[in-house]
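The values are calculated or read from the model by the stated rules, or taken from the named source; none is laboratory data. Computed from a prediction, not measured in an experiment: that's the story for all the values here. All Cβ positions, glycine included, derive from the backbone under ideal geometry; neighbour counts span all protein chains shown. Surface accessibility is based on the protein's heavy atoms, side chains included, excluding ligands, DNA and RNA. Shrake-Rupley method; radii C 1.70, N 1.55, O 1.52, S 1.80 Å.
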Amino acid sequence: MKAVRKLNPLMFDLALFIGFTLGSFAALLLTDAAGSAGAIISILILALISITLVLSR
């Protein structure tokens, strides 16, 4: 992941930000549609994006 980030750090961070934004919106929709199971899946998706951001630094 660090090798990809070194190629173009701005685009990598932008892609993660957009992914987190879309993940947050999907989390809202999934929680409304699937209830508590959707909320758990949403938290896992957002956590994976956050971990990717932390590990890429």
With the other protein chains left in place, how much accessible area per residue, in square angstrom, belongs to the chain at a 1.4 angstrom probe? 74 Å²
Mean Cα-pair separation over length for the chain, i.e. relative contact order, pairs under 8 Å, 6 or more apart, %: 40 percent
In this structure, the FRET efficiency calculated for A39 and L7 from their beta-carbon separation, with R0 = 25 Å, to the nearest 0.05, is 0.10
